[in-house]
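Throughout, read-outs are computed from the coordinates displayed, never taken from laboratory work. Computed from a predicted model, the values in this text were never measured in an experiment. FYI the Cβ positions are ideal-geometry reconstructions off the backbone, even for glycines, and counts take in every protein chain you see.
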Number of protein chains: 2
Amino acid sequence: MSFYTIDFEPVGRRGQCPPGKSLLDCAGELGIGILRTCGGKGTCHSCKVQVLKGGVSEPSASERAFFSQAEINEGWRLACQTYPTSDCKLSIPPLSMNVPQRTQVEGLEMTFLPEPAVRSYHVEMPPPSLSDMRADTERLLQTLNERYQLYCHTIDIDVLRQLSPQLRPWNWQCQASVRDSEVIAIYPWPARQLGLAVDLGTTKIAGYLVDLSNGQTLVAKGIMNPQIGYGEDIISRITRVIESPAESGRLKDLVIEAIGQLAADMCSEVKAGVAEIVDVAVAGNTAMHHLFCKLPVKSLASAPFLPVVCQALDIKARDLGLCVAPGAYVHMLPNIAGFVGADHVAMLLATGVWQAEGVRLAIDIGTNTEVSLIDNGNITSVSCASGPAFEGGHIKDGMRAASGAIERLRIEGGRTEYQTIEGTPPTGICGSGILDALAQLYRTGIINRRGMITDGDPRVRTSGKQREFTVVSEQERNGQPAITVTQHDVRELQLAKAAIRTGIQVLLEANSRAESEIEQIIIAGAFGSYIDVVSAITIGMLPAVSTDRFQQVGNAAGMGTKLVLLSRKKRAEAETIASRVRYIELASFPGFMQTFVQASYIGPYTRKKSR
Amino acid sequence: MSFYTIDFEPVGRRGQCPPGKSLLDCAGELGIGILRTCGGKGTCHSCKVQVLKGGVSEPSASERAFFSQAEINEGWRLACQTYPTSDCKLSIPPLSMNVPQRTQVEGLEMTFLPEPAVRSYHVEMPPPSLSDMRADTERLLQTLNERYQLYCHTIDIDVLRQLSPQLRPWNWQCQASVRDSEVIAIYPWPARQLGLAVDLGTTKIAGYLVDLSNGQTLVAKGIMNPQIGYGEDIISRITRVIESPAESGRLKDLVIEAIGQLAADMCSEVKAGVAEIVDVAVAGNTAMHHLFCKLPVKSLASAPFLPVVCQALDIKARDLGLCVAPGAYVHMLPNIAGFVGADHVAMLLATGVWQAEGVRLAIDIGTNTEVSLIDNGNITSVSCASGPAFEGGHIKDGMRAASGAIERLRIEGGRTEYQTIEGTPPTGICGSGILDALAQLYRTGIINRRGMITDGDPRVRTSGKQREFTVVSEQERNGQPAITVTQHDVRELQLAKAAIRTGIQVLLEANSRAESEIEQIIIAGAFGSYIDVVSAITIGMLPAVSTDRFQQVGNAAGMGTKLVLLSRKKRAEAETIASRVRYIELASFPGFMQTFVQASYIGPYTRKKSR
């Protein structure tokens, strides 16, 4: 009997489905929580999914009744009514999920004085009369400037178009939002002044709705990046854009729409409208930055991987298609290089590490891992192609950090202990679990330094052509397929950890520093904040320094973006960081390949003696 | 037999048409030159017209074959196939006219040093390499700034979006157009730097395509303002916008489209593209300014007639919907008041009168007449509702300055001598001819000081209820209706001239100056440059000072707009003028009504002695 491979996005879970089994049942077996309110009868329509790729059965009568032809053409189906006829890729919209995905929006908290780029002023104008026939613009600007000692001399054209019909019913009183010398919005007085910070990740988007007057975060919310349907990692997404100009526009629009929706959702939680958002700050990796700004990404795809722009940008939100206050700008944090983006700058800013004394390492682990070594104020950065393994990609039972994912794992004697997200029955292994698994397999000798799964342990078996270690057996899963770590999985993890370790070694070498001199290792990002540092040291991914030198800071990029939103000074600091970094292109660093080979061994990194 | 009144736009000619006569024949009798290539058989389709108002016959088979249903719904017809069934208003598109309308685009010429707001630089960048991995933006800006000692630090987002795919095939060489600290366009080197100046009139639009590098005007072109179909004068157009929000959008779009087309036409004459236009300057009266910027005009329609904005504006061309260089701005010259607009500022600037010594008068005659008195640098301005009479409106045989219009008229003894535009047989009287007629009728005693047409002259007859003076008889026109000046026409002209003279008197009184102290009277505008100053003095429209003190400067507003396009200094001067003017609202000036009554008398203005 042949099986089809079904790839469920955005959860990132892949599984086998025999012909004759519905997509809903297949998801159920993999532990993916698609809603099934009516029990799979096709009546509740709660299990809406979109088939992105692959063949499926013809739409049933109940699907035809529920979806328009246009929706069916776009691949929309009810999972309970649809049967795969080939390998497939599906997208599950958030509303069809019974448990939300875990998206990290928390980050390290700091105290600082808010001094946002946009400030608000209460303006009471004298009404016009025959002895005061100033135009509305002059009336507003002159009153504002005299009252607050400003030198504000323009009004955004979209604000200008509303000015006259607004000031009259408001009885010549308003709250004016001013950025530099420009009025970017007016409101009936009194009004809130909201700001939006966005940490734009390849997989996830974290949004923060902030009160600019006091710096308070009113709402924090994470969503999946909807571009994921066009490629899970940056490279495949860039390739898609370059190869299909038709899809490229849609792909770029998707992220703007998603952020617009995220902003609207957050605003509605505090009973505000998006027009009350007077400033926006966005940080992402360079590719996401470019896609968001609708900049071409072609030059990012081939050596020397140059961005269109590194410096910070201030773009009118309307020129990006984002609906906020009429004249508001979007501040894009600066990038460092093609694969070290503004999110890394935001992280360096938020942690303050960039101006710390001594030797410090700051790491953002992801599909692409950015590492900076700060040596008494000198910042050197590299980008490591660590791949999707730590996000569950290319791993047989890998999945993203969602309900049912094994996130912690320990092998004690003959027992394998694990912990799943939300404590639900295990459905796969997420990044931190995979890292633990590798460390535990190495520690217990089940894999050797070269990463070979050895014979001898009863949990090791051969399936197909490769060995695998059973984490959760078929029995324990009541007949469902076992969750295993295969030899191929170990190879993927070795490549990932080697990439990261190579980056660290190159940075140390370039700065003539030894591992032992590192005083602090900051690990940022969603994955980084969940990993067991001891496991990372065990496999040799991170330097073997005392664990008290490690600091897991969560979503520091999001925090840095918030800082930039709230403070002109921090905005300037971010630019200083980006301009001060020395970027090293790993592949061109002398001895790169040798270092990479050494870093592929599991266990402590040892430098091969040169003959 | 009943006649229908047919109103032909944009020529402004109105005539009678009996049922059974085609619109084409009717136009022919009135001397309006609609093309009739096939002789009216409905085959050449050259006589396309649009029926704006009124009833006409059903479309013929040949019209149905030529026009789409949508076009027919919009009123498009062939004039030769269409018969009026009620009073009608038509619009004749330029392509259907056999002689172009006279639109004044020439103005007084000045010499000055071009120092435009947008400057262009040749940039040759080092190509990227592993030792120079700067992003494209930084590469361009740093090379530009170092080479030319600039401090240019941003690139317009639309330029940025094209930067990478352009610089590579151009081999890292380009011409960058810089405005303040922003790159607003890049071109393959070498490229021209074109500028567009627009004098945006209620009736006519004059465009100038200028080479910014040397100040040379490459093309000057005039077109009719297409908004004319929505109301001939400002007030009726504003009313239309306020009463019909649905039409308001279309009306605003029309003028942008027309200027876009004008720019494209002028560019094609010098084999350029509109994307080569890196800067635009626009001056119009306040209402046209607001409609162009898509600003609300409601506050212009009722006392105290306040504009939304007076100060100069710099708006991204894309925010106005105008297609020029990707990041270019449109500079809107400043307004003075609701009915003294940027075109008047441009005129004061171009003539230099604003900083001249002594007492000077500067007048823009039109449907609305703006007058400024400059008293040793102090500028006082008024706006006079002179009405459409001088543009041929509300005058029985009035028409705009087009082929066949009587533009000069002299009565010597029993003879009436006249001269028509282009020397073609007379079809009506335009403004300068009407002014002459009034002066000559007064000089020869045919009308008295009160404006009554007296009996006695053989050319005076009574038609209907009123007397009229025959300028061209039925006989002289081979049986076509006579061209006459009616008692009603004289009343209209009296109101027009009284409005203008009242403005002048109020200005003199407000500055405690006498008529005799005026050293110079500048008359600007299309109408003003064609009028006979002696006629204007004779009827008392203008002060009775020696004719050598008069200067007719043509389209000074257009010239001023060009100056602003070409010179930052002139741009600043225009703002100085606008901010320095003291505006007087005529209706609220003490003694306004008495002055107006006195000014209504024909002949020299005399102040009624107060008892």
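Counting charges near B:Ile205 (Lys, Arg +1; Asp, Glu -1) among other residues having Cβ under 13 Å from its Cβ returns a value of -2.
The alpha carbon radius of gyration of region B:308-370, expressed as a multiple of 2.2 N^0.38 Å, is 1.40.
Counting only Cα atoms, region B:447-593 measures 59, 38, 29 Å along its principal axes, largest extent leading. Taking region B:562-602 and a reference point 7 angstrom along Cα→Cβ of B:Glu115, the backbone N atoms nearer than 19 Å belong to B:562-577. Placing pseudo-labels 7 Å out from each Cα toward the beta carbon at B:Asn73 and B:Glu243 gives an inter-label distance of 2.4 nm.
Modelled label positions at B:Glu515 and B:Ser579, each set 7 Å beyond Cα in the direction of Cβ, lie 3.8 nm from each other. Among the listed pairs B:Lys89/B:Lys396; A:Lys221/A:Lys562; A:Lys21/A:Lys41; B:Lys48/B:Lys221, those with a Cα-Cα distance over 20 Å are B:Lys48/B:Lys221.
Between A:Ser86 and A:Asn171, the FRET efficiency estimated from the beta carbon spacing at R0 = 60 angstrom works out to 0.35. Would you calculate the separation in nanometres between label points at A:Arg450 and B:Glu269, each defined as 7 Å from the Cα along the Cα-to-beta-carbon direction? So the label points at A:Arg450 and B:Glu269 sit 8.2 nm apart. Near A:Arg408, the amide H atoms lying under 5 Å from its own belong to A:Gln419; only residues 5 or more places off or on other chains count, and H is placed 1.01 Å from N.
For region B:402-490, GluC sites (Glu not before Pro) meeting the loop criterion (DSSP other than H, G, I, E, B) and having at most 13 other Cβ atoms within 10 Å: B:Glu474. Scalar couplings 3J(HN,Hα) for region B:313-326, obtained by applying the Karplus form with A = 6.51, B = -1.76, C = 1.60 to θ = phi - 60°, are 10, 10, 10, 4, 4, 5, 6, 9, x, 9, 8, 9, 4, x Hz; x denotes Gly and Pro.
How long is the gain from B:Cys38 to B:Ser181 if the chain were fully straight, where each residue apart is worth 0.36 nm and the alpha carbon distance is subtracted?
My answer for the length gained is 45.7 nm.
Computed extension gain for A:Ser473 through A:Leu218, at 0.36 nm per residue and net of the alpha carbon distance, reaches 87.3 nm. Using a 7 Å projection from Cα along Cα-to-Cβ, the label point at A:Thr462 is separated from the same position in the remaining copies by 12.7 nm, smallest value first.
For region B:319-392, GluC sites (Glu not before Pro) are listed when DSSP marks them as loop and at most 14 other Cβ atoms sit within 10 Å of their Cβ; the list is B:Glu357. Counting every other Cβ atom within 10 Å of each residue's Cβ, B:Thr351, B:Thr470 order from fewest to most as B:Thr470, B:Thr351.
Here B:Asn171 yields copy-to-copy label distances, from shortest upward, of 7.0 nm, the label point defined as 7 Å from Cα along Cα to C-beta.
Per-residue ellipticity at 222 nm computed for the protein assembly as shown from its helices equals -8500 deg cm²/dmol, with DSSP H segments shorter than 4 residues left out and the rest contributing -39,500 (n - 2.57).
Sequence neighbours fewer than 8 away in the same chain don't count; with that in mind, list the aspartates and glutamates whose C-alpha is under 20 Å from A:Lys298. Of all the aspartates and glutamates, those that pass the test against A:Lys298 - Cα under 20 Å, at least 8 places apart if same chain - are A:Glu232, A:Asp233, A:Glu243, A:Glu247, A:Asp253, A:Glu585, B:Asp132, B:Asp136, B:Glu138, B:Asp156, B:Asp158.
Projecting 7 Å from Cα along the Cα-to-Cβ direction, the label point of B:Gly603 sits 12.3 nm from its equivalents in the other copies, listed shortest first. Counted over the protein assembly as shown, the DSSP beta bridges are approximately 70% antiparallel.
In a Debye calculation with equal point scatterers on the alpha-carbon sites of region A:119-187 and no solvent, what is log10 I(q)/I(0) at q = 0.11, 0.21, 0.26 Å⁻¹? Values, matching the q order: -0.21, -0.82, -1.29. Along the axis of the charge dipole computed for region B:194-332 (Cβ charges of +1 for Lys and Arg, -1 for Asp and Glu, origin at the Cα centre), the listed residues B:Ala281, B:Pro296, B:Cys267 are led at the positive end by B:Pro296.
Within chain B, B:Cys47, B:Cys80, B:Cys88, B:Cys152, B:Cys174, B:Cys267, B:Cys293, B:Cys310, B:Cys323, B:Cys384, B:Cys430 have no other Cys Cβ under 4.7 Å of their Cβ and so lack a disulfide-compatible partner by this rule.
Rg and Dmax, both from the Cα atoms of chain B and both in Å, are 26.5, 99.
DSSP finds beta bridges in region A:119-187, and of those with both partners inside it, around 85 percent are antiparallel.
Among the GluC sites (Glu not before Pro) in region B:26-95, those located in a DSSP loop and surrounded by at most 15 other Cβ atoms within 10 Å of their own Cβ are B:Glu74. Residues whose amide H lies under 5 Å from that of A:Glu9, counting only those 5 or more places away or on a different chain, are A:Leu90, A:Ser91, A:Ile92; hydrogens are built 1.01 Å from N in the peptide plane.
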